Every structure is written in C-alpha cells, then in structure tokens.
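Structure first, commentary second.
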Ligand SMILES: NC(=O)c1ccc[n+]([C@@H]2O[C@H](COP(=O)([O-])OP(=O)(O)OC[C@H]3O[C@@H](n4cnc5c(N)ncnc54)[C@H](O)[C@@H]3O)[C@@H](O)[C@H]2O)c1
C-alpha cells in the first residue's frame with residue numbers, strides 16, 4: 001500500500017532514540033522529509049545519517065522541547081528547509097518509575113514538561129501553518145498508562161492522560177480546517193541500548209534495574225496476550241499509517257499498540 005508520504009514534511013520530536021528513532025526511519029523509508037528534533041545531538045545526528053544513507057531526506061535540529069520559543073524555532077526551520085509541515089509527531093516522553101509518595105513535588109514539573117507541556121507547545125507552534133494551508137496531521141505519543149494508570153507511574157500517567165484528552169480537543173476544534181489529531185498508546189517497549197539516546201529513560205540505572213531480561217519475560221507472559229513486549233518498529237508502523245492520508249477519516253482517536261495489554 002502506498003501511504004502517499006513521499007515528499008511530505010514530518011517533524012518528529014525525540015527522534016534520536018528507541019520509538020522516535022524507528023518512527024523517523026520509517027517516515028524516511030516512505031520518502032518523507034524528516035526533521036528530527038532532539039536534545040541529544042550525537043544520537044540525533046546518527047539517525048539523520050541513517051535516513052540519508054538510505055537515500056532519504058532528513059535534517060537534525062537540536063532543541064529543548066520544554067521551551068515554547070524552541071518549538072517556534074523548530075517550525076520555522078522546518079518551513080525554511082522544506083517549505084511546509086504536513087505531519088507533527090509529538091514523541092518525547094520521560095519517566096523514572098517511583099511510587100507516588102516517593103516523588104518530591106518539586107519534581108512534578110519534569111514529568112509534566114516532558115510528557116504533556118511540550119505537546120501543547122509544538123501543537124501551538126505548528127497549527128497556524130496547518131490552518132493556513134487547510135491540512136495537517138498530528139500524532140501524539142501517549143501511553144497505555146495514560147488510559148488505565150500504572151504502578152510507579154502516577155505523574156507520568158496523569159500527563160499522558162492529558163495528552164489523550166488534548167488530542168480529542170484539537171481534533172474537534174481543527175477538523176474544520178482539514179487537520180487530524182490522533183494519539184498512539186504504546187505498551188512496554190524496552191529497546192536495545194545501542195538504539196537509545198544518552199537521554200533515553202532506558203539509560204537510567206534505576207530503570208535498567210527494574211527491567212532485567214527475566215522481568216521482561218515474566219511481564220510479557222503474564223500481562224500481554226500476544227506474550228511479548230513491544231518493538232519500536234511495532235509503534236512506528238501504526239504512527240506512520242495513522243499520520244498518512246490513508247487514514248483521512250480518522251481523527252480524535254486513541255489507539256493502543258500494546259499486544260492486547262489494554263483493550264477498549
Ligand atoms: N518505551 C516504552 O516502553 C513506552 C511505553 C509507553 C509509552 N512510551 C512513550 O513513547 C515515547 C517514546 O518513548 P521512548 O521509549 O522512545 O523514549 P526514550 O527515552 O528512549 O527517548 C526519548 C527521546 O527524547 C529525547 N529528549 C528527552 N528530553 C528532551 C528535551 N527536553 N528536548 C528534546 N528531546 C528530548 C531524548 O534525547 C530521546 O532521544 C514517549 O512519549 C514515551 O512516554 C514509551
């Protein structure tokens with residue numbers, strides 16, 4: 001199936017690691033121009049080169065997505081480089097897995113900035129352009145934790161639940177301009193270390209301790225009907241499909257890609 005993404009321009013936040021990396025590479029394979037936004041220059045550049053080595057168009061932009069001015073700058077750079085923005089994938093996210101009472105309140109902003117606020121910022125920065133051209137597709141990466149809650153992920157889940165609701169609001173308000181907004185909820189997708197950025201949540205020692213291979217295997221068998229955890233490519237396939245015009249009558253939806261972990 002031709003997804004019709006050739007020469008479309010796509011912004012992917014957090015494109016240097018794991019799921020964002022797979023999303024970027026898959027858009028590249030579809031012939032899209034991909035703008036990779038990441039705070040980690042080394043890994044962002046690696047992904048940029050991977051796309052280019054396969055004959056695709058990619059441009060890395062170093063930015064901190066938690067600052068609104070950076071979102072505006074990224075959109076300007078995308079327009080200067082490629083002339084249009086057709087798809088925005090808000091993919092950056094972060095967690096470190098602690099029980100609620102062990103998270104000091106002064107740390108709440110970090111979860112909210114990286115999981116929710118940056119989605120508001122990038123959406124705000126890109127929408128005037130999409131409204132003007134009366135088309136666009138926004139895909140937000142939430143989490144199954146945002147649908148059903150999760151042990152050790154209280155603030156993260158609250159932020160991801162916010163992403164789901166925000167997605168519906170944008171879909172309702174901007175559908176009249178031909179703009180679609182959907183939300184993808186991955187299940188546990190633990191990457192090989194070489195596919196992560198230095199800033200990846202999976203590089204944190206406390207997270208590595210929580211997910212050793214034997215725990216991953218147990219989790220897959222006990223909680224996932226398809227009896228395996230996710231691969232970044234599983235998520236990327238759905239993101240690229242939903243972003244494409246093949247889904248032109250799909251908006252405001254929350255779609256789990258999680259081997260049946262949650263069912264709605
Ligand atoms: N991997 C999973 O198990 C899983 C499960 C459910 C949902 N998700 C969601 O999927 C998305 C991707 O997850 P992942 O596992 O690939 O994450 P990851 O931690 O491996 O990658 C996140 C990327 O964001 C970048 N980043 C971090 N802070 C940034 C900042 N301030 N500005 C710009 N870039 C920044 C990092 O450098 C990294 O490249 C996230 O939204 C996450 O919450 C992941």
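Brief remarks follow.
- Set side by side, the residues 131, 87, 126 differ, and just one is modelled with pLDDT of 95 or more, surrounded by fewer than 23 Cβ atoms within 10 Å (Cβ to Cβ), away from the ligand (no atom under 15 Å from the Cβ) and on the phi < 0 side of the Ramachandran plot, which is 131.
- Tally, over region 1-32, of residues that are without any contact (Cβ under 8 Å) to a residue 40 or more places away in the chain and in a strand (DSSP E or B): 0
- Set side by side, the residues 112, 35 differ, and just one is within 14 Å of the ligand (Cβ to nearest atom), in a helix (DSSP H, G or I), at pLDDT 95 or above and under 18 Å from the mean Cα position of the chain (by Cα), which is 112.
- Residues of region 148-179 that turn out to be within 16 Å of the chain's Cα centre (by Cα) and in contact (Cβ under 8 Å) with a residue 24 or more places away in the chain, as a count: 8
- Residues of region 117-147 satisfying the condition of being under 14 Å from residue 93 (Cβ atoms) and touching a residue at least 60 places away in the same chain (Cβ under 8 Å): 118, 122, 139, 141, 142, 144
- Residue 119 being within 30 Å of residue 244 (Cβ to Cβ) and surrounded by 17 or more Cβ atoms within 10 Å (Cβ to Cβ): yes
- Scan of region 55-76 for residues that are in a helix (DSSP H, G or I) and either more than 14 Å from the ligand (Cβ to nearest atom) or closer than 14 Å to residue 14 by Cα (or both), ordered by number: 70, 71, 72, 74, 75, 76
- Answer residue from region 186-232, given it is modelled with pLDDT under 95 and touching a strand residue (DSSP E or B) at 6+ places or on another chain (Cβ under 9 Å) and is nearest to residue 150 (Cα to Cα) among those: 199
- Residue among 78, 22 that is in contact with a strand residue (DSSP E or B) (Cβ under 6 Å, 6 or more places away or on another chain), crowded, with 18+ Cβ neighbours inside 10 Å and under 24 Å from residue 184 (Cα atoms): 78
- Some residue of region 46-58 being closer than 24 Å to residue 178 by Cα, surrounded by fewer than 20 Cβ atoms within 10 Å (Cβ to Cβ) and out of contact with any strand residue (DSSP E or B) (no Cβ under 8 Å at 6 or more places or on another chain): no
- Qualifying position, being within 14 Å of the ligand (Cβ to nearest atom), outside any helix (DSSP H, G or I) and either under 22 Å from residue 227 (Cα atoms) or in contact with a helix residue (DSSP H, G or I) (Cβ under 6 Å, 6 or more places away or on another chain) (or both), among 188, 159: 188
- For region 77-97, a residue qualifies if it is touching a helix residue (DSSP H, G or I) at 6+ places or on another chain (Cβ under 9 Å) and either in a strand (DSSP E or B) or free of Cβ contacts under 8 Å to residues at least 60 places away in the same chain (or both), and the qualifying residues are 79, 87, 88, 89, 90.
- The condition (being assigned to a helix (DSSP H, G or I), surrounded by 13 or more Cβ atoms within 10 Å (Cβ to Cβ), within 15 Å of the chain's Cα centre (by Cα) and modelled with pLDDT of 95 or more) is satisfied by just one residue among 182, 237: 237.
- Of the residues in region 165-174, none is within 11 Å of the ligand (Cβ to nearest atom) and at pLDDT 95 or above.
The values are calculated or read from the model by the stated rules, or taken from the named source; none is laboratory data. Just so it is clear, the model here is predicted, and its values are computed rather than measured. With ideal geometry, Cβ positions are generated from the backbone for all residues, glycine too; neighbour counts draw on all protein chains shown.
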